[in-house]
1. Under a 1.4 angstrom probe, counting protein chains only, how are His236, His352 ranked by accessible area, largest first?
2. With every protein chain present, what is the per residue accessible area of the stretch 48-98 (1.4 Å probe, Å²)?
3. Which peptide among 114-124, 368-378 comes first, and what is the full order, when sorted by highest mean count of other Cβ atoms within 10 Å?
4. Would you mind classifying the stretch 12-73 by shape? Square roots of the alpha carbon gyration tensor eigenvalues, ordered a ≥ b ≥ c; an a/c under 1.5 is rounded, otherwise it is prolate if a/b is larger than b/c and oblate if not.
5. Give the span of the stretch 99-178's Cα atoms along each principal axis, as three whole-Å numbers ordered largest to smallest.
6. What figure, in Å² to the nearest 10, do you get for the accessible area of Arg407 with a 1.4 Å probe and non-protein molecules left out?
7. By its C-alpha gyration tensor, with a ≥ b ≥ c as the square roots of the eigenvalues, how is the stretch 77-132 shaped: rounded for a/c under 1.5, else prolate for a/b larger than b/c, else oblate?
8. Could you sort Tyr85, Tyr135, Tyr363 by accessible area so the largest value comes first, with the probe set to 1.4 Å?
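The values are calculated or read from the model by the stated rules, or taken from the named source; none is laboratory data. Since we're looking at a predicted model, the values are computed, not measured. In this analysis, Cβ positions are derived from the backbone assuming ideal geometry, glycine residues included, and neighbour counts consider all displayed protein chains. We work out accessible area using only protein heavy atoms, side chains counted, and drop any ligands, DNA or RNA first. Shrake-Rupley method; radii C 1.70, N 1.55, O 1.52, S 1.80 Å.
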Amino acid sequence: MQTLRASTFGLVPSQLSAAILDIIDTLTEAGYEAYIVGGGVRDLLLGLHPKDFDAVTNATPNQIRDVFGKRCRIIGRRFELAHVYSGRDMIEVATFRAPPRKPATTAAGMITRDNVWGTIQQDFSRRDFTINALYYQPRKGQILDFCRGMDDIESEQIKFLGEPLQRFEEDPVRMLRVLRFAAKLEFKIDPSIIKVMTPALAKLLLEVSPHRLYDESQKMFTGGYLAPLMHLMIKHQVWSVLFADAPPAMTPFIQRAADNTDIRIRSGKSINPAFFYAVLMWQPFLDRVHQLEAAGMPHTEAWTQAGVDVMRRQQKRTAIPRYAEVFIREIWELQPRLIEPRARQIPSLSIHPRFRAGFDFLYLREKSGDPVTMGMGQWWHDYQELDNDQREKTINQLNRQQLRAHRKKNDARAADERVVVQMDVQPIQLLPVEDDKPRRRRRTRQRDERQESEQPSQGLDGIEMISTDGDRPDTSSIDVNLPSEPDARQSSDRGRAPRSQSRERGGRQSEDRPLPRRRRRPRDLSTVFMGPY
Ligand code: ATP
Ligand code: MG
């Protein structure tokens, strides 16, 4: 163990937040040891701005609660620790840990409980990487280094404390952490770690709680180094384990969204991590919409159902909370409305609570070359820059354009239909005009045809006609007058020809007989309910 002078490495208490100093001082005054550990120390040493500070102490969680009272909340089961509030800030305070006892692991070696308290010498070896195991006591101005972590910071290397395979099996989330730190710090990953990071090992992530993986995904998306991290995750095949349905490679849309997220974070703008989920799951969502539509589901219903289905599947990997799911689906549902807005809906669309996210999504799609947006990303972009008068003019202009496009579409459709109709009508034109020939009743026709086949010379004498004015003639004599030839009587289907024959006849009938005309009957409208559905 080396004790290093903190000021030699540029570390002074004035770099620290009031909250972390408060926690360290209060624990020290209560007679406990207290240090800052982990990312806070590492980032300060690298000249970066730490996103938070974590504290570690020899006080147990209950003792921490005794010291801080209502300011303290104990959380976690697998890894119990205290959340201590100082003003509006919250600091995570962990207790020194000893190596876990054997039964607290799964068959695959994953640690299910890590709450055996220990000494600082035991605690450092429980940490993941050497660069995360430096203990800083700001009041004493000391850094305790048990594993030459300072050397690895200087040589920019990520090394495991202990044997990599075992450390990954104890906690597969360390696979995500190693890649995250490599992307964030631009450090080299030690070859002993790379060697064991196989696709089979990545599958161990499936055993981790989806809630914990969702938290990890939040850290990935909001760190400001999402684009390089995604490349690493794809390369080391943990990507497809976490996001099984998302595209397995960087598409132009995903790349642009990742770059954009990083730029926003670096320039201090807010981002909602669920937005990137919407980007990742967009393609699986569209595929699902097509699948449902192909199965006969109406478009609007398919659009909603696909959102539900895609989210349900992803939630098995990363437990996206309900509020984030609603946000994601609202972004998707806004897309067609933003691409083809009705003129009178434009002002209300632009103040929709999800408008900004929906528009950003549309704009990113357009900028990454998605032709489906039809330039509406740019239109909405420009629209937001205008004053009220200009907006009204722009809406009117869009309305005219839409009407013109609509008319054009209708004309094209009508032209198409004309072509189809022309193709279809030709055989129909060959048919005799409906009233050219008198129509005969079916039975009469059948009898006549039977007679025809048996006595070819017999004409149409004696066959009843339906008058063209629609009056029904008296048909009572037809059955009585059926021919009494033995063949016809012996037919199993009395009075009818065998099926095959009848089908043939049907064919002939359509060629040389007019289509039957439906008789109009006046409807009794008093019984019809005329109200809305
Ligand atoms: P950052 O906060 O910048 O993401 P960090 O290193 O501070 O990085 P935290 O998740 O805040 O990461 O954890 C604080 C410290 O706790 C780590 O530096 C590490 O020492 C230890 N630690 C966290 N997670 C693990 C883990 N899964 N296995 C072993 N040690 C861990
Ligand atoms: Mg931290």
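1. Output order, biggest surface exposure first: His352, His236.
2. Here the residues of the stretch 48-98 average 55 Å² of exposed surface.
3. In descending order of packing, they fall as 114-124, 368-378.
4. Because a/c hits 1.5 or more and a/b exceeds b/c, the stretch 12-73 counts as prolate.
5. So the extents along the principal axes, rounded to whole Å, are 43, 28, 16.
6. Roughly 140 Å² of Arg407 is accessible to a 1.4 Å probe.
7. It is prolate, given that a/c is not under 1.5 and a/b is the larger ratio.
8. Tyr85, Tyr363, Tyr135
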